[in-house]
Structures are given as structure tokens and as C-alpha cells.
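Have a look at the structure below before the remarks.
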């Protein structure tokens, strides 16, 4: 990869810091050079197993140029988002004598970003981190002021308000992804369009058939990733610590997705669960007379073109879902709150959603 200064830059103002996100191609040499110029006392690299399989030479280059104190392998599954792995990584950091002037570098998908990000947020009360996401999911819905790990079947229940200092989204990594990973990543990008931007949703309707036909040679990933991140960044900047309620728009589909992932013991992939969560939420909104049939069908078309699931993979006990929905971060006072679509490009938070309405919607998704 050649050294190349990225043209697309997003700066996000957060309490006490500014996060810089770069979107482009052939960026690894550039970010290595940038990091070598900074006065960090040392680096610890976190990378996931999938990265090692494909980009072993890039990891070697990073090792040679930056001389990290340690390199930690993260299995790209929910078992890594646990206190067990956190304690393991903490031991490695302390044995490497990484101090507060050190920096984490996370290479891989969303799980490695979340694990390294959460540890960076609490290690010595917070140190810097650079995130280089390598999946479409981790690029189009990259970390902005929220990192978390899970506890038992409750996803992302333990978290911090924290952002990497620098995030580098290099579209070249997407060329190695199988079609399934493209579909999973599109779930979050579609979500951003649905809750905030009808023009972006209309654009996706036009380009998704081409993307799904030729995902590895599609040459406008930078544009799509940039637009998706800009939408997420706008939500977070307005409400960085989730105090005003505007940040909760990003939870569209996720309240249900978190419950579905937990019940599956995290065998259901996040992108699959988010797609199902959005379909269920739209069904609820449509049944309540809020979302029009036309806009309901637009969402269905986007998710179908992206080849995202439309049914649960196996029978699910509805009472278990409802129980987990009551425990979700967005719910309160044992009442179920959901983000729904009002129309394409606009969302709404519904409080104390009737349990019967939820169950009637869920029934439609049983296999």
C-alpha cells in the first residue's frame, strides 16, 4: 500500500476531544507514518483472526515500523467481549509496561474495536486509540463515542463514552470480504439512511443492485461509507452522552436486535439481527398507522436487495424476547421503548409500547 494522504476527513467534536475519521484507499502506509511522528511511549496492537488470515504482510509491516510492545489476537466473536478476555488483555498491557502516554491500535471488525476501545477507555483512566476497521460493518457504523462489552446474554450492557482519536476507513479492505459480510455491513448503512436521509435511501435503492452483483469491484465505497459516518456523527455530536434522547435514533432496530442476539447465544450475526429488528420495528409502526405502506415497502426492498434475512432462523419464544426488551438500555420503568420509522428519513421514539402489538409483529417472523 502506498503512502497517500486521505481526501475525505470527518471531524467530530466530542466532550474533551475531537475524533478524526479518514475515508479513502491505500491508507495504511500513511497512518503508520502519522503514528511514527507522534510521541507515544509505545503501542499495543489488537487484531482479529480474520485480519491475520488475509493481511499477515500488513501486520508484519506495522510490527517493523512501529515496534509495538505487544500484539494481541482477538477472536472475532462475542466471547471476546467479556470480562474474561478483558482481564487477559489487561495482564498483557501491564506486563508490557504500557503507560498513560501509550496508544492502542485496533485492526479488524467491530468486535476488536469494541474490546480495544472499552479497555482504552478505562486503562489508566483512558489512553489513546487508533482504529483501522476492516469490515463494511465496522467502517459504515464505526465507533463514535460508544464502546461496550457484553455480560451473559445481555449485549453491550457494560460500556463507556469513548472514541478512538483517529479512525482510518480504507475501502481496499472490502475487496477481501465475502458477500455475506457485505450484506451484514449494509444493514447499518441502510439504517442510517432510513432514520435520517431520504436522498441517501433513494441513492441506495439505485446502487445496491450493482453492489450486490459486483461488491469487490464496486468503486464508490468511499462515498457510501463517508455518507453513513456523517449521519452517525451528526447524531452523536448533538447528544454525545445520550442525555437528550436524540442519540437514541441510532438504536433503530437495535433494541430488538440485542434481544435476538442474546437469545441466540450470539450465534445470530449482528447485521442479521439488526435487519430483523428493523423489519419488526417497521411492522409495528405500520400496524400502528404511523409508517405508510409505501415507506414500509421501501425499507423491505432495501433489506431484500441487500440479501438480509426476513425470518427468524429458528422458533423463538416470544415471552423471552419481551423480557429482554424490558431490560434494554433504551427502556425504562419496566416499560418497553422502541425507535420506529415515521417515514423514510425520519424516526420517532415510542414509549411504553403495548406488549400485544409487539407479539403480533413478532409472530410474523417465526420460521
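Per-residue answers, yes or no, for (1) closer than 23 Å to residue 179 by Cα; (2) free of Cβ contacts under 8 Å to residues at least 40 places away in the same chain:
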{"residue": "262", "(1), (2)": "no, no"}
{"residue": "274", "(1), (2)": "yes, no"}
{"residue": "288", "(1), (2)": "no, no"}
{"residue": "312", "(1), (2)": "yes, no"}
{"residue": "322", "(1), (2)": "no, yes"}
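Please work out if residue 165 is under 22 Å from residue 9 (Cβ atoms) and surrounded by fewer than 21 Cβ atoms within 10 Å (Cβ to Cβ). Answer is yes for this residue. Within segment 244-254, the set of residues being surrounded by fewer than 24 Cβ atoms within 10 Å (Cβ to Cβ), touching a residue at least 60 places away in the same chain (Cβ under 8 Å) and part of a helix (DSSP H, G or I) comprises 248, 249. For segment 296-309, taking the residues that are closer than 28 Å to residue 352 by Cβ and touching a residue at least 60 places away in the same chain (Cβ under 8 Å), the one that is surrounded by the fewest Cβ atoms within 10 Å (Cβ to Cβ) is identified as 298. Out of everything in segment 310-337 that is out of contact with any helix residue (DSSP H, G or I) (no Cβ under 9 Å at 6 or more places or on another chain) and more than 21 Å from residue 158 (Cα to Cα), what residue ends up being surrounded by the fewest Cβ atoms within 10 Å (Cβ to Cβ)? Applying the filter and picking the extreme gives 315. Take the conditions crowded, with 22+ Cβ neighbours inside 10 Å and closer than 20 Å to residue 366 by Cβ and apply them to residue 274. Does it pass? Yes, satisfied. Taking the listed residues 195, 225, 217, the one that is within 17 Å of residue 170 (Cα to Cα) and surrounded by 23 or more Cβ atoms within 10 Å (Cβ to Cβ) is 225, with no other qualifying. For the condition modelled with pLDDT under 95 and surrounded by fewer than 24 Cβ atoms within 10 Å (Cβ to Cβ), what is the one hit in 84, 45? 84 is the lone residue from the list that is modelled with pLDDT under 95 and surrounded by fewer than 24 Cβ atoms within 10 Å (Cβ to Cβ). Residues that are in contact with a helix residue (DSSP H, G or I) (Cβ under 7 Å, 6 or more places away or on another chain) and over 20 Å from residue 333 (Cβ atoms) were ranked within segment 345-358; the one that is surrounded by the most Cβ atoms within 10 Å (Cβ to Cβ) is 347. Take the conditions in the same structural domain as residue 128 (by TED's automatic domain parsing), closer than 23 Å to residue 148 by Cα, surrounded by 13 or more Cβ atoms within 10 Å (Cβ to Cβ) and modelled with pLDDT under 95 and apply them to residue 25. Does it pass? Spelling it out, it is not the case that residue 25 is in the same structural domain as residue 128 (by TED's automatic domain parsing), closer than 23 Å to residue 148 by Cα, surrounded by 13 or more Cβ atoms within 10 Å (Cβ to Cβ) and modelled with pLDDT under 95.
Residues of segment 76-108 being in a loop (DSSP other than H, G, I, E, B), within 22 Å of residue 146 (Cβ to Cβ) and in contact with a strand residue (DSSP E or B) (Cβ under 8 Å, 6 or more places away or on another chain), which ones? Residues satisfying the conditions are 76, 81, 82. Within segment 145-169, the set of residues being closer than 13 Å to residue 131 by Cα and in contact with a helix residue (DSSP H, G or I) (Cβ under 6 Å, 6 or more places away or on another chain) comprises 145, 147, 162, 168, 169. For segment 55-69, enumerate the residues that are at pLDDT 90 or above, outside any helix (DSSP H, G or I) and closer than 16 Å to residue 108 by Cβ. Correct list: 68 only. The condition of being under 17 Å from the mean Cα position of the chain (by Cα) and surrounded by fewer than 21 Cβ atoms within 10 Å (Cβ to Cβ) holds for only one of 71, 158, that being 158. Is there a residue in segment 38-49 that is assigned to a helix (DSSP H, G or I), within 24 Å of the chain's Cα centre (by Cα) and farther than 24 Å from residue 161 by Cα? Yes, segment 38-49 contains at least one residue that is assigned to a helix (DSSP H, G or I), within 24 Å of the chain's Cα centre (by Cα) and farther than 24 Å from residue 161 by Cα.
Candidates in segment 255-267 are the residues that are out of contact with any strand residue (DSSP E or B) (no Cβ under 9 Å at 6 or more places or on another chain) and either in a loop (DSSP other than H, G, I, E, B) or modelled with pLDDT of 95 or more (or both); of these, the one that is farthest from residue 330 (Cα to Cα) is 267. The set of residues from segment 80-112 being under 17 Å from the mean Cα position of the chain (by Cα) and free of Cβ contacts under 8 Å to residues at least 40 places away in the same chain comprises just one member, 80.
Here is a check on your reading of the model: is residue 35 surrounded by fewer than 19 Cβ atoms within 10 Å (Cβ to Cβ), within 24 Å of residue 118 (Cβ to Cβ) and either in contact with a strand residue (DSSP E or B) (Cβ under 6 Å, 6 or more places away or on another chain) or at pLDDT 90 or above (or both)? Yes, satisfied.
The values are calculated or read from the model by the stated rules, or taken from the named source; none is laboratory data. Fair warning: this is a prediction, and the values are worked out from it, not measured in the lab. Every residue, glycine as well, gets a Cβ built from its backbone with ideal geometry; the counts of neighbours run over all protein chains shown.
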